[in-house]
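Worksheet: the structure to be examined is printed underneath.
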Amino acid sequence: MPRSILLPLLCLPFLCLAPSLLAQTPMPPSKKLFLKNPMDAHSYSNPQIVRVTHVALDLTADFSKKVLVGTATLDLARTQPGDLVLDTRDLTINAVEVSVDGTKFVPAKFSLGPSEPYLGQPLSISTPDDVAKVRVSYQTSPYAVGLQWLTPPQTAGKRQPFLFTQSEPTYARTWIPLQDSPSVRVTYAATIHVPKALRAVMSAQQDLKAPLTGTFRFKLEQPVAPYLIALGVGDLVFQSTGPRTGIFADPTVVKKAAKEFEDTEKMVQAVEKLYGPYRWGRYDLLILPPSFPYGGMENPLLTFATPTVIAGDKSLVALVAHELSHSWSGNLVTNASWRDFWLNEGFTTYVENRVQEVLFGKERADMEFALDCNTLKKLVDELPPQDQILHINLTGRDPEDGQTEVPYYKGALLLKLLEKTYGRDQFDTWLKSYFEKFAFQSITTAQFREHVTANLINLDAEKGKLIDLDAWIEEPGLPANAPLVVSKRLDAVDAALAKYVAGGSAKEIDTSQWVTQEWVRFLTGLAGSANPTRLQELDQTLGIDKRENVEIRLRWLLLVVEAQYKPSYPTLAKFLQTVGRRRLIVPLYTALLKTPDGKDFAKTVYGKARSGYHPIAQATIDGLLK
Ligand code: BES
Ligand code: ZN
């Protein structure tokens, strides 16, 4: 197919001249329809013909223009004759060269296809059979969705600018031309040039204390999916927290972060004991500015984390347990496409909960999971049926549409059911063998089904009757035997809540021993019955408006919006203008839209906050407020 795209180009011999000339020659977008990858609805790439196996980057971060500029050199492995197709989005391609021997490069013919929403543009490159490497010279757009460029005032230390990438699910193509499908695993190497005062870090092996020379080198020898390639640049220092763990953060944040996350090594050991060795060498954290649109991102060797989980009392460190667990479920055994996303997140939510049990005990682990179950039950009533399916059909849809709680909690519940049915020993033995069997592979839901059927379910036919994989994986809703977790401590909160809602006084509630999860349960339970008088009483008695913990704060602010409790609107505005984590801000904007004057307030606040939000968060809130 790609050959025919290139045919018109053959009539333009000048295109084969020097790369600089190619750069100046805009090519008409191809009219030909590009076939999408048959295995992955969100990639144009054709790994079944030519596959990228290694990516070597040489990039300069230009903070004045907000662009990355440089080259990506790709190693190829070929199965059939044909041209290479890469994914790109908002990239300017300056030149493409190919090499047979890996050292001498000559200009190659290439063509960018039409741009499609979510997918970007296919880049088709003429690759005769003997081509072993392709080098693409390119630059990113200042509006690249996968990049956020921050000014010094938007960082903790306020001294230097900051840049970070977010490649999951399909944003690697906004800063690297590659085969952006999680089924195409690559090793990578990078040389990154930055202004002299800054440090660059990546999801790879690196010199933790590399001198600030302006040039940093990286190498990742384990093959990973492209969505795991990540870069951060800023005023960063390193502090060790253990033999193989540590923190990169702004100098003003690093000490507090190191204290908060001092138990990370214990977490690594907990997963290793359950499911086999940690295969990546080091496990470090990069603490990002508060505009990071996620809680955490499991970039290999270097989890990216929001500063909003540094609560001062370790109450939110489960986030690290989650991202760390992805080192097995996700980074080692990877979803082959975004419709298999639940294999990443469901397994990780399950493993995260086991880590919590080891570190904090069963009571706390159950509390967390009980809260998740509650969220899931509510959500299942709200989502359209097709979005309640684990093996969701995302063809023709934005992969972001699949990012609900369903893959996380329904996925984890399926594993909990298997654990309950077969017993922990047998279940753990199976799960460990699953990680070993599929290590460094990208797998489909069908491959999971085959493996679990042969190696766990079929071990006991009687018990097997309790596991309806079709219902769990291919159908909406929650099967009746979902092992929803309950928690005595949360039940006690519910009792106090019932009394309070029935007219009791806030003074009667004993919150002295409450942990974050209990506060969350209480405040969530008040939704639907909040009014200004009651909120004022609550706040005066329990001092909630002053609490910094973002999980508590979010639930409180949701009540503030519901009751239109104006005394707390300044706090609400401040929160929305300092934090860009999508899971914290989207519910608040959504709630504001449901109140009479909320839309105006939301628009005013967003007007001030927008430029500080990440492009991913901007896109979501733009959609909400349009
Ligand atoms: N991999 C996800 C984040 C993600 C998912 C980014 C899909 C882009 C697309 C990460 O592991 C995650 O789940 N983060 C959660 C925190 C976690 C404790 C549930 C988040 O950011 O809220
Ligand atoms: Zn996750």
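Just a few scattered comments:
- As a summary of the residue check, Asp545 satisfies the conditions (1) at negative phi; (2) not in a helix (DSSP H, G or I) except for the one numbered (2).
- Qualifying residue in segment 417-438 (condition: within 16 Å of ligand 1 (Cβ to nearest atom), out of contact with any Pro (no Cβ under 6 Å at 6 or more places or on another chain) and at pLDDT 95 or above): no
- Sole exception among (1) within 16 Å of ligand 1 (Cβ to nearest atom); (2) under 22 Å from Leu35 (Cβ atoms) for Gln148, by number: (2)
- Which listed residue, of Asp401, Asp387, is in contact with a Ser or Thr (Cβ under 8 Å, 6 or more places away or on another chain), surrounded by fewer than 21 Cβ atoms within 10 Å (Cβ to Cβ) and closer than 25 Å to Ser181 by Cβ: Asp387
- Here Ile616 clears all of (1) closer than 21 Å to Phe522 by Cα; (2) within 16 Å of ligand 2 (Cβ to nearest atom); (3) not polar (S, T, N, Q) except the condition numbered (1).
- One residue from Phe347, Phe341, Phe360, Phe369 being more than 18 Å from the chain's Cα centre (by Cα), under 28 Å from Arg282 (Cα atoms) and modelled with pLDDT of 95 or more: Phe360
- Restricting Leu288, Leu319, Leu302 to residues that are under 16 Å from Ile247 (Cβ atoms), more than 13 Å from ligand 1 (Cβ to nearest atom) and either under 15 Å from the mean Cα position of the chain (by Cα) or hydroxyl-bearing (Ser, Thr, Tyr) (or both) narrows the list to Leu302.
Residues checked against (1) among the hydrophobic types (A, V, I, L, M, F, W, C); (2) closer than 26 Å to Asp129 by Cβ; (3) at pLDDT 95 or above:
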site: Leu7; (1), (2), (3): yes, yes, no
site: Leu12; (1), (2), (3): yes, yes, no
site: Thr25; (1), (2), (3): no, no, no
site: Val67; (1), (2), (3): yes, no, yes
site: Leu76; (1), (2), (3): yes, yes, yes
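- Residue match in segment 394-401 (condition: within 12 Å of ligand 2 (Cβ to nearest atom) and of a type in the set (Ser, Thr, Tyr)): no
- Subset of segment 281-328 [in contact with a strand residue (DSSP E or B) (Cβ under 6 Å, 6 or more places away or on another chain), under 16 Å from Lys256 (Cα atoms) and among the acidic types (Asp, Glu)]: Asp284
- Some residue of segment 336-356 being more than 10 Å from ligand 2 (Cβ to nearest atom) and either of a type in the set (Gly, Ala, Ser) or not in a helix (DSSP H, G or I) (or both): yes
- Residues that are within 15 Å of ligand 2 (Cβ to nearest atom), assigned to a helix (DSSP H, G or I) and surrounded by 21 or more Cβ atoms within 10 Å (Cβ to Cβ), drawn from segment 306-322: Val309, Ala318, Val320, Ala321, His322
- Residues in segment 373-408 that are within 14 Å of ligand 1 (Cβ to nearest atom), over 14 Å from Pro169 (Cβ atoms) and polar (S, T, N, Q): Thr375 alone.
- Hits in segment 323-335 - residues which are aliphatic (A, V, I, L, M) and either near ligand 1 (Cβ under 10 Å from one of its atoms) or part of a helix (DSSP H, G or I) (or both): Leu324
- Count - residues of segment 558-591 that are under 24 Å from Gln148 (Cβ atoms) and not polar (S, T, N, Q): 16
- Test result for Val485, touching a Cys at 6+ places or on another chain (Cβ under 7 Å) and buried (at least 16 other Cβ atoms within 10 Å of the Cβ): yes
- Of the strands (runs of 3 or more DSSP E) contained entirely in segment 64-180, those carrying at least 3 residues that are under 27 Å from the mean Cα position of the chain (by Cα) and either within 16 Å of ligand 2 (Cβ to nearest atom) or under 24 Å from Ala200 (Cα atoms) (or both) fall at 67-78, 133-139, 147-150, 162-165.
- Any hit, segment 223-236, residues being under 23 Å from Ala72 (Cβ atoms), β-branched (Val, Ile, Thr) and touching a Lys or Arg at 6+ places or on another chain (Cβ under 9 Å): yes
- Spans of strands (runs of 3 or more DSSP E) in segment 190-305 with at least 1 residues farther than 28 Å from Gly612 by Cβ, more than 16 Å from ligand 2 (Cβ to nearest atom) and not aliphatic (A, V, I, L, M): 215-224, 237-240, 245-249
- Boolean, Thr348 is hydroxyl-bearing (Ser, Thr, Tyr), more than 10 Å from ligand 1 (Cβ to nearest atom) and surrounded by 24 or more Cβ atoms within 10 Å (Cβ to Cβ): no
- Segment 299-326 residues that are closer than 11 Å to Ile287 by Cα and in contact (Cβ under 8 Å) with a residue 60 or more places away in the chain, paired with ones that are within 13 Å of ligand 2 (Cβ to nearest atom) and aromatic (Phe, Trp, Tyr) (beta carbon under 8 Å, 6 or more apart): Phe304/Tyr294; Thr306/Tyr294
The values are calculated or read from the model by the stated rules, or taken from the named source; none is laboratory data. If you're wondering where the values come from, they're calculated on a predicted model, not measured in any experiment. Here Cβ is always computed from backbone atoms with ideal geometry, including for glycine, and neighbour counts include all displayed protein chains.
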